[in-house]
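Since every read-out is calculated from the coordinates, none of them should be taken as a lab result. The shown structure was predicted, so the numbers you read here are calculated from the model rather than taken from an experiment. Cβ placement follows ideal geometry from the backbone for every residue including glycine, while neighbour counts extend to all protein chains displayed.
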Amino acid sequence: MTEPMTVRLAPNPRTAWPSFLLAPILLACTLAPLSVKAQVSLTTVVDLAQRNSSTVKLAEADLEKARAALAQTQDAYIPNFQIGSTAGYSHGFPAGQPSVGSASMQSLVFSYSQRQYTKAARAGIDAANLALKDAKEQVALDSSTAYIEFDTVNRELAAAQQQETFTADLLRIEWQRNEAGVDSDLDLWQTRLKVAELKLQRVRLETRIATLAKQLSVLTGLPVGSILPDHASIPEIPAISVGDGPRSLPGIAAASAKARAMQFQAVGDDLAWRRPQIGFGAVYNYDINELNNYALYYQPNTFTPNNVSFGFSVQFPFFDFALRAKAKVTAAEALRARVEAEQAQRQDDVEVATLTGSLRELDALAEVATLKQQIADAQLKTVLVQLDTGNGASAGPNGQAQLTPKAEQLAKIDERQKYQEALDASLSLAKARLGLLRALGHMDDWLHELHSK
């Protein structure tokens, strides 16, 4: 595919900046980086997008929450320890124990439900890890697609600007031919229409570039307009198919892990009203007799300041309808989570089938657009050669007409148009391939290509 030509202008020594002004200008550019554009690779954009993404940050917060939930279920077996004081004065018969200091501990010893809750917490961590991976892959897909489109549209805009240069020459030539009576007013109007259409095309491309620049700024956190695409940093997108074997998608695996966690939770809640649980507790109190004459109501010499009690508690949840209702609620939530996981798998199957079908068509369209661009490029070279050598006309009444500068400009405009169409077709094909990579669970391959580029 022929790339747009670039023209380099040598600096004019008469208009060059004095050397004593260069240092302040360079310093100002350094202190004002927001107005400076720089080439940023696709790998850098993806990494920045994953770090800046609120979706990824939320998934990381969910992972921390899941880890804390597991610690909470496991720590139920670790005795807690509390100290305090309930000192107070009472008159008459003492209303409570005369403790000025107390310490207590308690813990869970055995519970059928707690074992299920621990399994649910572990499955919740698996779901959170998979959801985090899924979020990072989605951000990588979004940022890669936006970057590749940004690079493509920039090249299209360069070609459109070249087209406008050619159309300006074409319009000048058409005016001359119209004044000379060679072409009619209709030819002039058609040329002016082509100029207006190409101007509209350029405006649309500039609008797309502004939108994509804002999108990349939101994704990466960099200032708007500070990113220049580096085409060399974009690796070739692997062309895979369903026959390459689908892998487990992090999103679907996360939904399945969440459903598994809800199922463990439901089993634990069901066992909570069916099975007993055993706990352990211990209490120490330091009592005094100065505040309420506690010893007057007991046998002499039986009051002691140090008192300790400990033991096990066994609870049987008979007729606990609240626990039974909670178990039914959790069972319904587990069923819903399982259905959602199955639905996600079916939706992915449909997406894979849709992308596979459109990918074949886009592949063919890209091939056709590339061939058209190559043909237009060859025709342009032929026109230029004929204009240079002057053999555009052949002898005889049916000979080919002599080529004119108008034909040259039309050939150049057509070649640039076919070039843009080929870029558009390649962009659609790249988007479809990236989407299929994501749908088949091969985004790791794409990320590996990025980091090895």
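Ordered by residue, what ³J(HN,Hα) values in Hz, to whole numbers, does region 285-291 give under the Karplus form 6.51 cos²θ - 1.76 cosθ + 1.60, where θ = phi - 60° and Gly and Pro are x?
10, 10, 10, 10, 10, 7, 8
Give me the aspartates and glutamates in straight-line cross-link reach of Lys418: C-alpha distance below 14 Å, same-chain residues under 8 apart excluded.
Correct list for Lys418: Glu3, Glu156, Glu367, Asp377.
Taking amide H positions as placed in the peptide plane 1.01 Å from N, state which residues far from Val109 in sequence (5 or more) or on other chains have amide H under 5 Å from it.
Those qualifying (amide H under 5 Å, at least 5 residues apart or on another chain) are Ile278, Gly279, Phe280.
With label points built 7 Å along Cα→Cβ from the Cα atoms of Asp75 and Val182, find their separation and express it in nm.
Rounded to a tenth, the inter-label distance reads 8.9 nm.
Semi-axes of region 98-153's equivalent ellipsoid from the Cα gyration tensor, sqrt of 5 times each eigenvalue, largest first, rounded to whole Å?
Three semi-axes, in Å: 52, 18, 4.
Could you list the GluC sites (Glu not before Pro) in region 264-361 that lie in coil according to DSSP, counting only those with at most 15 other Cβ atoms within 10 Å of their Cβ?
Glu290
Would you list Lys406, Lys136 from fewest to most Cβ contacts within 10 Å?
Result, fewest neighbours first: Lys406, Lys136.
Please give me, ordered by residue number, the GluC sites (Glu not before Pro) of region 182-253 that lie in loop per DSSP and have at most 16 other Cβ atoms within 10 Å.
Counting only loop positions with at most 16 other Cβ atoms within 10 Å, the GluC sites (Glu not before Pro) in region 182-253 are Glu236.
Out of residues 5 or more away from Leu403 or on other chains, whose amide H comes under 5 Å of its own, with H placed 1.01 Å from N in the peptide plane?
Excluding prolines and chain starts, which carry no amide H, the hits are Gly392, Ala393.
Straight-line reach from Lys133: which lysines have a Cα under 19 Å away, not including same-chain ones fewer than 8 places off?
In chain and number order, the partners are Lys57, Lys65, Lys258.
Among Leu429, Gln374, Gln386, flag the residue with its Cα farthest along the positive direction of the charge dipole of region 306-453, charges on Cβ as +1 for Lys/Arg and -1 for Asp/Glu.
With unit charges placed on the Cβ atoms, the residue in question is Leu429.
Using the Karplus curve 6.51 cos²θ - 1.76 cosθ + 1.60 with θ = phi - 60°, what ³J(HN,Hα) values do you get for each residue of region 430-445, in whole Hz, with x for Gly and Pro?
5, 4, 5, 5, 5, x, 5, 4, 5, 5, 8, x, 10, 5, 4, 4
With an 8 Å Cα cut-off and a minimum separation of 6 or more residues, compute the relative contact order for region 104-255 in percent.
37 percent
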